[in-house]
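The values are calculated or read from the model by the stated rules, or taken from the named source; none is laboratory data. Remember, predicted model here, so these are calculated numbers, not experimental data. In this analysis, Cβ positions are derived from the backbone assuming ideal geometry, glycine residues included, and neighbour counts consider all displayed protein chains. Note: areas computed on protein heavy atoms with side chains; ligands, DNA, RNA excluded. Shrake-Rupley method; radii C 1.70, N 1.55, O 1.52, S 1.80 Å.
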Amino acid sequence: MANKPFAITLKPGTSLNNLTGSWRTARPVYLDRLPPCNNACPAGEDIQGWLFHAESGDYEQAWRALVENNPLPAVMGRVCYHPCESACNRGQLDSSVGINSVERFLGDEAIRRGWKFAAAAAASGKKVLVVGAGPSGLSAAYHLARMGHKVEIQEAGPLAGGMMRFGIPKYRLPREVLDAEVQRILDLGVTLKLNCKVAHIEQSMQDGGFDAAFLAVGAHIGKRAMIPAGDAAHIVDAVSVLRSMEGEDKPMLGRKVVVYGGGNTAVDVARTVKRMGAEPIIVYRRTRDKAPAHDFEIEEALQEGVMIKWLSTIKQAGDSSITIEKMALDDKGFPQPTGEFETLEADSVVLALGQDVDLSLLDGLPGLEIKNGTVQVAPNMMTGHAGIFAGGDMVPSERTVTVAVGHGKKAARNIDAWLRGTAYQPAPKHELAEAGNLNTWYYSDADKTVRPMLDIIRRQTSFDEVQGGLDETTALFEARRCLSCGNCFECDNCYGVCPDNAVIKLGPGKRFEFKYDYCKGCGLCVAECPCGAIKMVPEDI
Amino acid sequence: MGFQTVKFYQTGTFTVGNRLLAPDERSVQAGEMRSNSISSGHRACQGCGEALGARYAIDAAMAESNGQLIAANATGCLEVFSTPYPESSWQVPWIHSLFGNAPAVATGIAAALKVKGKHDVRVVAQGGDGGTTDIGFGCLSGMFERNDDVLYICYDNEAYMNTGVQRSSATPPAARTATTMPVGNEPGNVFGQGKNLPEIAMAHGIPYVATATVADLRDLEYKVRKAMKIRGARYIQIFVPCPLGWGTASDATILMARLAKETGTFPVFEAEYGEVTGVLKIRNKLPVEEYLKPQKRFAHLFGKHAHPEMIARLQAIADRNIRKYGLLQDQES
Ligand SMILES: Cc1cc2nc3c(=O)[nH]c(=O)nc-3n(C[C@H](O)[C@H](O)[C@H](O)COP(=O)(O)OP(=O)(O)OC[C@H]3O[C@@H](n4cnc5c(N)ncnc54)[C@H](O)[C@@H]3O)c2cc1C
Ligand SMILES: Cc1ncc(C[n+]2csc(CCOP(=O)(O)OP(=O)(O)O)c2C)c(N)n1
Ligand code: SF4
Ligand code: SF4
Ligand code: SF4
Ligand SMILES: [Mg+2]
């Protein structure tokens, strides 16, 4: 009796006999749409998915969901250029969710708490050779190992990390962070052979009895420019300078250092030599908005006192000075010489004009296609030579750590399928969750959390990390700014707003179901779902 | 004053539930065990605001009274769509008598319960705006005057919907109804007539008067629960858009209520013993056009033979509400 309403003895509610579902001309259906952040992530992270766990403060679950796709969150949270944030729907409300800062928080938390990857799947009995321990090779090794394959990485250098160690400076990526995330991958049972340069890929595969190989040797040969130079002119390339920063012998560049180029590498070299006490000046032939370096990097370099000469090319290099020529942009935006010259003091010139791939390990390999100095791969990441896959900077694509990691994952999935004699079938992509699918009324107003920056003096004199991380409360706040685009976050709106009680709540984590016997198809649930996780589909009548 | 909003937490208290809030901070409607006072199979139109508002309100009253509730219902859509003989959707003891006497019926029930010593059993009476502001007005005023222990809930859809959209004294100026056609120099319902029943109720000095909308569930539940904690005559008017009578899309019901509040057209407030004690602030103030334009009942204000001067008068009414109740964030109420 206790729960029965007053004076009720018989079961009331005979209106349940009236199946109003027959009125409907369109039915609501639940769906998962593809959040734009996920769509933009080159590593294919399920960002909305891991933020969902972070929102409830379950950071370990969030981290585990994240590393399903990317084993390097602490690195990512520092060096990724976060195209996800540029795509984030919240950007149209106030400012994008600080995805990258939450990612870093999770990565750091995992290191601090010693979280390990779940154990690998049962051994497949197959052996895969990975050439190069950069982000692409490490990512492939991680995924292959988790799929149960025996993985050996052969790395030419003395330490793992590739450009994450020998390119990206410490003040952006502390080496302890990199070491911790590399070690966690090795702990899966991946073998890493250092100082082991692969000279001939087929030979190395034969010697080790490998069933397949993934090549990720990066692009390390600094491009040269035709600069008339005196004998005494000191010209070096940026990658070598950055690489030598990791060794015992620091580069000798003098006081006035000219960096030639407008990409991220140029900015990193300039900021590095600034920290070594020199006076760097970047010379670039086009304008700031045309420079390939990201604007925030240029801004940070300027803050630290790096000088930049825009619209300038080096005409000639001498032993203590260089001559530059002023340029002007033509109608098409290309720089054209003006015949106006200027002399700059320069003890050395660092060329940061991009890198080429060293393809010598592929010499004589049949089936291979090389175009513009990069190895062509099929959509499954396999080169023209069966069983040999490639990714990262050595294949045609954008050159970033995140793209490299994405290639590693994709290659691993395809290698796994290839080893099993099948083809990898990616799940079909969901339709995009666009801003127009959302009902943003329901979200609280909340501005983005800004990450702390190191004070300027220390930025000019030390290699301490420039950008700080979020703490637990700010990370939680930031995670909760996510709109959960296209994916139900259990707000109960559909369950609440249905005038016909035609939504069943299945309980925490289980989402909802429609009672189509009664749903009249009014569409209120669709209109009031904040995140666009329901759509109306016409009935066949 | 007012209901306790939870700041941030992704959606805070804007949504019906929110998995990030503790269960006791969620709404009644979010609960799997809500009483669903009007069950499925009722014959309300697609997207009916009244069906929704009634479930919101009666479920909240049921939660507050531990299921010890009797409802008296005036004639009107709510009665007709829920209880066509021999069916009923009601999951509460429910009585219907006439169009104009729901407050008197409820008064009688309350008196009987008092005589029988059943103090835990509570009484609500409910009806449409026509039943409340027009034909039932005398009974209601008496119920207020005697301070009978009844919560009266008016579902305000701004016309006699059940009989085919005739004007009531809650129909807004300029609105087209079957009896206020869009003809002449001042098409639609006249300006300067009609009754503001929440203010009339306040003038009776009863313990509690409030307005609410189906777009602000947390506020609505807070008010019903608060009213149920009080003894004596209480009045809540709930703004319930009607897709049929207003000529709005069936999926726009909640949006219309939200716009009515955000433009200041429908002030959302509460009052105790005749004094306003709290208002629900406008979040992003909007011009009345935003509210009027999607409704066919105001279509004659726009288009080829537009009536900007009438829109301006409706805007003036909204502005007056905003001023009078202090509806903007930084205004004192
Ligand atoms: C200065 C600089 C800063 C950068 N900053 C960023 C940044 O902030 N964010 C970002 O996303 N990207 C950045 N990048 C780009 C990014 O570092 C690269 O795109 C990415 O590291 C490419 O990964 P990869 O695995 O393909 O190659 P790499 O990282 O280059 O790794 C290749 C590895 O293969 C090894 N190897 C080469 N040949 C052989 C061989 N024959 N046998 C065995 N091993 C071999 C190399 O020693 C190396 O360890 C930066 C690049 C530079 C140069
Ligand atoms: C005495 C009497 N007069 C007229 C009617 C016809 N009638 C039934 S419902 C209704 C209109 C109800 O309007 P309202 O109270 O606003 O409720 P709504 O249907 O709009 O929810 C009318 C006029 C009646 N039932 N009894
Ligand atoms: S709001 Fe969340 S789900 Fe939507 S794009 Fe931004 S991070 Fe992704
Ligand atoms: S709100 Fe209810 S009746 Fe309307 S479409 Fe959704 S489930 Fe169906
Ligand atoms: S309305 Fe809320 S509970 Fe319903 S599907 Fe959308 S996010 Fe999920
Ligand atoms: Mg009415």
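Restricting to Cα pairs below 8 Å that are 6+ residues apart, what does the relative contact order work out to for the stretch A:222-355? Please round to a whole percent.
Numbers: 302 pairs, mean separation 46.6, N = 134.
Value for the stretch A:222-355: 35 percent.
Where the convex hull is taken over the Cα atoms of the stretch A:222-355, what is its projected area averaged over directions, in nm²?
Details: hull surface 31.5 nm².
Spelled out: convex hull of the Cα atoms, projected over all directions, averaged, 7.9 nm².
If each residue of separation counts as 0.36 nm, what is the full-extension length gain between residue A:14 and residue A:360 once their alpha-carbon separation is subtracted?
Result for the pair: 116.5 nm of gain on full extension.
Would you tell me the mean number of C-beta atoms belonging to other protein chains that fall within 10 Å of each C-beta in A:474-480, as a whole number? Can you show the working numbers first?
Values: counts 0, 0, 2, 3, 0, 1, 6.
Across the residues of A:474-480, the mean count of other-chain Cβ atoms within 10 Å is 2.
Could you check how much of the accessible area of the stretch A:222-355 is carbon and sulfur, as a whole percent, using a 1.4 Å probe?
Numbers: 3200 of 6330 Å².
Accessible surface attributable to carbon and sulfur in the stretch A:222-355 totals 50 percent.
Using 0.36 nm per residue of separation minus the Cα-Cα distance, give me the extension gain between residue B:181 and residue B:112 in nm, one decimal. Don't skip to the end; give the middle numbers.
Values: separation 69, 0.36 × 69 = 24.84 nm, distance 4.54 nm.
Gain in length upon complete extension: 20.3 nm.
Work out the mean other chain Cβ neighbour count within 10 Å for the residues of B:33-45 and drop it here as an integer.
Details: counts 2, 4, 2, 2, 3, 5, 8, 17, 14, 10, 5, 5, 4.
Per-residue shielding by partner chains comes out at 6.
Apply the Debye scattering formula to the stretch B:186-333, with a single equal point scatterer on each alpha-carbon and no solvent, then give log10 I(q)/I(0) at q = 0.14 Å⁻¹.
Ignoring solvent entirely, the Cα scatterers give -0.71.
Helix by helix through chain B, keep the DSSP H runs that span 15 Å or more along the axis on Cα and average at least -0.5 on Kyte-Doolittle, and give those back in order. Show your work: numbers first, answer last.
Values: long enough: B:49-64 (22 Å, 0.24); B:102-116 (21 Å, 1.13); B:217-229 (18 Å, -1.04); B:308-325 (25 Å, -0.54).
The qualifying helices are B:49-64, B:102-116.
Over the stretch A:224-301, one equal point on each Cα, no solvent: what is log10 I(q)/I(0) by the Debye formula at q = 0.16, 0.17, 0.19, 0.25 Å⁻¹?
For the requested q values the scattering log ratios are -0.61, -0.69, -0.85, -1.31.
Run the paramagnetic zone check for residue A:116: 7 angstrom along Cα to Cβ, then residues of the stretch A:185-226 with backbone nitrogen under 12 Å.
Answer for this model: A:185-189.
How would you order B:71-77, A:200-206 from highest to lowest mean count of nearby Cβ atoms within 10 Å?
Values: B:71-77: 26.1, A:200-206: 16.6.
So the order, starting with the most tightly packed, is B:71-77, A:200-206.
I need to check one value: relative contact order of the stretch B:29-325, counting alpha carbon pairs closer than 8 Å and at least 6 residues apart, in percent. Kindly include the intermediate steps, with their values, before the conclusion.
Details: 621 pairs, mean separation 49.7, N = 297.
It comes to 17 percent, rounded to a whole number.
Over chain A, what is the mean sequence separation of C-alpha contacts under 8 Å (at least six apart), divided by residue count, expressed as relative contact order in percent? Please list the in-between numbers first.
Numbers: 1146 pairs, mean separation 119.5, N = 541.
Across chain A, relative contact order equals 22 percent.
How long is the gain from residue A:319 to residue A:25 if the chain were fully straight, where each residue apart is worth 0.36 nm and the alpha carbon distance is subtracted? Don't jump to the answer; show the numbers that get you there.
On the way: separation 294, 0.36 × 294 = 105.84 nm, distance 8.17 nm.
That works out to 97.7 nm of additional length.
With a 10 Å radius around each residue's Cβ, average the other Cβ atoms per peptide and rank A:334-343, A:510-519, highest first. Could the numbers behind the result be given before it?
Details: A:334-343: 12.1, A:510-519: 16.9.
Taking the mean over residues of other Cβ atoms within 10 Å, the ranking is A:510-519, A:334-343.
Using a 1.4 Å probe and counting only protein heavy atoms, how much accessible surface gets buried when B and A come together, both sides summed, in Å² to the nearest 100?
Values: alone 14920 and 24960 Å², together 35250 Å².
Counting both chains, the buried surface is close to 4600 Å².
Have a look at the stretch A:32-75 and give its Rg and Dmax from the Cα atoms, expressed in angstrom.
Cα radius of gyration and Dmax of the stretch A:32-75 are 10.1, 29 Å respectively.
If R₀ is 45 angstrom, what is the calculated FRET efficiency for the pair residue A:276 and residue B:299, using the beta carbon separation as r and rounding to 0.05? Could the numbers behind the result be given before it?
Values: r = 73 Å, r/R0 = 1.63.
Efficiency, rounded to the nearest 0.05: 0.05.
Pairs B:195/B:324; B:118/B:229; A:170/A:274; B:261/B:324; A:371/A:429; A:126/A:410: which are spaced more than 20 Å apart, C-alpha to C-alpha? Don't jump to the answer; show the numbers that get you there.
Working: B:195/B:324 17 Å; B:118/B:229 16 Å; A:170/A:274 13 Å; B:261/B:324 14 Å; A:371/A:429 30 Å; A:126/A:410 18 Å.
With Cα atoms farther than 20 Å apart: A:371/A:429.
When chain B is modelled as a GNM with alpha-carbon springs shorter than 10 Å, which of B:320, B:176, B:19 fluctuates the most?
Per the Cα network of chain B with a 10 Å cutoff, B:19 tops the list.
What's the average, rounded to a whole number, of partner chain beta-carbon atoms within 10 Å of each residue's beta-carbon in B:62-72? Show your work: numbers first, answer last.
Working: counts 1, 0, 0, 2, 4, 6, 3, 3, 3, 0, 0.
Shielding by partners across B:62-72 averages 2.
If you project the alpha carbons of the stretch B:14-69 onto the principal axes, what extent comes out on each, in Å, largest first?
35, 27, 15
Cα-Cα pairs above 17 Å in the stretch B:186-249: how many percent?
Counting every Cα pair in the stretch B:186-249, those more than 17 Å apart make up 57 percent.
Note the direction-averaged projected area, equal to a quarter of the hull surface, for the Cα convex hull of the protein assembly as shown, in nm². Kindly include the intermediate steps, with their values, before the conclusion.
Values: hull surface 182.5 nm².
Computing the convex hull of the Cα atoms and averaging its projections yields 45.6 nm².
Counting only other residues whose beta carbon sits under 12 Å from that of residue A:377, what net charge do I get with K and R as +1, D and E as -1? Intermediate values should be presented prior to the final figure.
Working: positive: A:371, A:410; negative: A:369.
That sum, taken over residues with Cβ under 12 Å, equals +1.
By the scheme Lys and Arg +1, Asp and Glu -1, what is the net charge of all other residues having a beta-carbon under 14 Å from that of residue A:116? All intermediate terms of the calculation are to be shown ahead of the outcome.
On the way: positive: A:64, A:112, A:113, A:146, A:184; negative: A:60, A:109, A:181, A:187.
Residues close to residue A:116 contribute a combined charge of +1.
With 5 Å bins from zero, work out the P(r) of the stretch A:383-541 over every alpha carbon pair and list the percent per bin.
Going out from 0 Å in 5 Å bins, the stretch A:383-541 shows 1, 7, 10, 10, 11, 11, 11, 11, 11, 9, 5, 2, 1, 0, 0 percent.
Given bins 5 angstrom wide, list per bin the percent of all Cα-Cα distances in the stretch A:441-533, short to long.
It works out to 2, 12, 16, 14, 12, 9, 8, 7, 6, 5, 4, 3, 2, 1, 0, in whole percents.
Under 18 Å from a point 7 Å along the Cα-to-Cβ line of residue A:427: which residues of the stretch A:493-509 have their amide N that close?
Of the residues in the stretch A:493-509, A:509 have backbone N under 18 Å from the label point off residue A:427.
If you take the C-alpha gyration tensor of the stretch B:83-126, multiply each eigenvalue by 5 and take the square root, what semi-axes do you get, largest first, in whole Å?
Working: eigenvalues 91, 38, 11 Å².
For the stretch B:83-126, the ellipsoid semi-axes come out as 21, 14, 8 Å.
Taking the convex hull of the Cα atoms, report for the stretch A:132-256 its projected area averaged over all directions, in nm².
10.1 nm²
For a protection proxy built on the mean count of beta-carbon atoms within 10 angstrom, sort A:235-248, A:106-119 highest first, please. Don't skip to the answer; put the middle values down first.
Values: A:235-248: 18.4, A:106-119: 16.1.
In decreasing order of mean packing, A:235-248, A:106-119 become A:235-248, A:106-119.
Which cross-chain or sequence-distant (5 or more) residues have an amide H under 5 Å from the amide H of residue B:41, H modelled 1.01 Å from N in plane?
It is A:20, by chain and number.
Magnitude of the Cβ-charge dipole of the protein assembly as shown, K/R +1 and D/E -1, about the Cα centre, nearest 20 debye?
Numbers: 93 positive and 99 negative charges, 344 e Å.
The calculation lands at about 1660 debye.
Please report the antiparallel percentage of the DSSP beta bridges confined to the protein assembly as shown, to the nearest 5.
Working: 36 of 93 bridges.
Just about 40 percent of them are antiparallel.
What does the helix-only formula give at 222 nm for the protein assembly as shown: each DSSP H stretch with n ≥ 4 adding -39500 (n - 2.57), the total divided by the residues, and the result rounded to the nearest 500 deg cm²/dmol? Mind showing how you got there, number by number?
Working: 28 runs with 260 residues, N = 874.
Taken over the protein assembly as shown, the calculation gives -8500 deg cm²/dmol.
Provide, in order from the shortest bin, the percent of all Cα-Cα pairs of the stretch B:29-325 in each 5 Å bin, continuing until the bin that contains the maximum pair distance.
In whole percents, the pair-distance histogram is 1, 6, 13, 17, 20, 17, 13, 8, 4, 2, 1, 0, 0.
With every protein chain present, what is the per residue accessible area of the stretch A:222-355 (1.4 Å probe, Å²)?
Working: 6330 Å² over 134 residues.
That works out to 47 Å² for each residue.
What is the list of residues in the stretch A:297-318 whose amide nitrogen lies under 18 Å from a point 7 angstrom out from the Cα of residue A:343, following Cα to Cβ?
Backbone N within reach: A:313-318.
Largest first and in whole Å, what are the equivalent-ellipsoid semi-axes of the stretch B:1-42 based on the Cα gyration tensor, each being the root of 5 times an eigenvalue?
On the way: eigenvalues 111, 27, 17 Å².
Square roots of five times the eigenvalues give 24, 12, 9 Å.
Within chain A, which complete DSSP H helices have Cα atoms spanning at least 15 Å along the helix axis and a mean Kyte-Doolittle hydropathy of 0.0 or higher?
In chain A, the long hydrophobic H runs are A:135-146, A:401-419.
Rounded if a/c is under 1.5, else prolate if a/b beats b/c, else oblate: with a ≥ b ≥ c from the C-alpha gyration tensor eigenvalues square-rooted, which is the stretch A:95-182?
Numbers: a/c = 2.21, a/b = 1.36, b/c = 1.63.
It comes out oblate by the Cα gyration axes.
Given the options B:102, B:110, B:57, state which has the largest fluctuation in a GNM of chain B using a 10 Å cut-off (strictly under) for Cα springs.
In the Gaussian network model the winner is B:110.
With r as the distance between the Cβ atoms of residue B:33 and residue A:454 and R0 = 45 Å, compute the FRET efficiency 1/(1 + (r/R0)^6) and round to 0.05.
On the way: r = 53 Å, r/R0 = 1.18.
Taking R0 as 45 Å, the efficiency between residue A:454 and residue B:33 is 0.25.
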